[in-house]
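This report concerns only the one structure given below.
The values are calculated or read from the model by the stated rules, or taken from the named source; none is laboratory data. Being a predicted model, the structure only gives us computed values, none of them experimental. A quick note on method: Cβ atoms are made from the backbone with ideal geometry, for glycine too, and the neighbour counts reach across all protein chains shown. Accessible surface areas use protein heavy atoms only, side chains included; no ligands, DNA or RNA. Shrake-Rupley method; radii C 1.70, N 1.55, O 1.52, S 1.80 Å.
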Amino acid sequence: MSPAAGDDRERLVLVGMSAHEAAQPRRVADLAGDRAATVAFLQVGDPSLAGELTRLADLGAERVVLVGVRLGATGPGASWLRRVAAHWWRERSGHRPEITVAAGLLRHDGELATVLARAVRPLTGREAGLTSAAWDDLPGHRHQVLVCRGPRCTARGAETTATALARALVEQGLGDDDVLVTQTGCLFPCNHAPVVAVQPDDVWYAGVDEALAARLVGEHLLHDRPLTEQRLPRRRGARGD
C-alpha cells in the first residue's frame, strides 16, 4: 500500500543515502513527483533520518514509508536504511508509528510508483543494530583521502572523482587498511572544485578529475610521491601562546 494523498496519519519520506544526495536536496524532493513527501538524509545532510522520524512521530503520524534515494554510482544499500530506522524505533519513547521500508532504491524520475509496488517491508524491531565487533577498532590505513562533497564540488563532478579513486585503488590492490576514502562536507577552497585532501601528508589537490585521481593513487598513495601539478598551497594559521 502506498501513502494516501492528504492523509496526515501516513507519511512518505525520501531518504538520501549518501553525500551525493545531501548536496542535492531539491533534486531528491523532485523525485516524489505529484506525491506528498518529505526529505531526510542518512548521512551528512539535514534533517537526519532520526530527526525527521521524531518530527513525524510527534505530529502523530500512524505510518511512515521510507524510500531510499541514490542519485550517484555509490552509497550504502537499502539495508542501512532499515538498520538506522530500526535503531530509532527501538530507542524512541512515546508514540512510535509503524515504519515500512522499500527494499529497492529510487534513482530516477517516474520510478517511485514502481519502487513502492515492489517489496515494502515493515520494521520488526529485530533488525541488526548499529554496532558490530568488526567496527570496534580504528582502521590501520596509512593514508586517509578526503573527497569534498560540498555543493560546488558535487556540481563540478566530485561523484566521478570519488568513483575514479575507488576504481584506481582496486586496480592497484589497495584496500581500507592501506587507504581510507572519506567523502566529506565542504572543505572550503570551493573555487578549486573538486577538492581532494590526503592526510596525514596535508596535501591538497584542485580540480581532481578521473585522470588526476588515477595518478594520485598510482604515485602519491602507492609510492608516497605527492603530485606537484594541481597541488594547492596551504598556509597554517599562527598558533597563539
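Exactly one condition in (1) open to solvent by less than 60 Å² (accessible area, probe 1.4 Å); (2) without any contact (Cβ under 8 Å) to a residue 60 or more places away in the chain is false for residue 221; which is it?
(2)
Where residues in the stretch 131-166 are open to solvent by 70 Å² or more (accessible area, probe 1.4 Å) and closer than 30 Å to residue 36 by Cα, which of them is modelled with the lowest pLDDT?
151
Could you tell me which of the residues 196, 208, 179, 120 is surrounded by 16 or more Cβ atoms within 10 Å (Cβ to Cβ), under 22 Å from residue 78 (Cα atoms) and at pLDDT 90 or above?
Just a single option satisfies the conditions, and that option is 120.
Having 1 or more residues that are basic (Lys, Arg), out of contact with any strand residue (DSSP E or B) (no Cβ under 6 Å at 6 or more places or on another chain) and within 25 Å of residue 236 (Cα to Cα) is the bar; report the helices (runs of 4 or more DSSP H) wholly within the stretch 130-215 that clear it.
Result: 151-155.
How many residues, within the stretch 64-80, are of a type in the set (Ser, Thr, Tyr) and farther than 19 Å from residue 183 by Cβ?
From the stretch 64-80, those of a type in the set (Ser, Thr, Tyr) are 74, 79; that's our starting set.
Adding the requirement that they be farther than 19 Å from residue 183 by Cβ leaves 79.
Matching residues across the stretch 64-80 total 1.
Go through the residues of the stretch 80-89 one by one and say whether even a single one is farther than 30 Å from residue 161 by Cα, in contact (Cβ under 8 Å) with a residue 60 or more places away in the chain and more than 20 Å from the chain's Cα centre (by Cα).
no
Is it fair to say residue 70 is under 21 Å from residue 212 (Cβ atoms) and not aromatic (Phe, Trp, Tyr)?
Considered against the rule, which asks whether it is under 21 Å from residue 212 (Cβ atoms) and not aromatic (Phe, Trp, Tyr), residue 70 comes out as no.
Given the conditions (1) at pLDDT 95 or above; (2) acidic (Asp, Glu); (3) closer than 25 Å to residue 16 by Cβ, and given that residue 202 satisfies all but one, which numbered condition is not satisfied?
Residue 202 satisfies every listed condition except (3).
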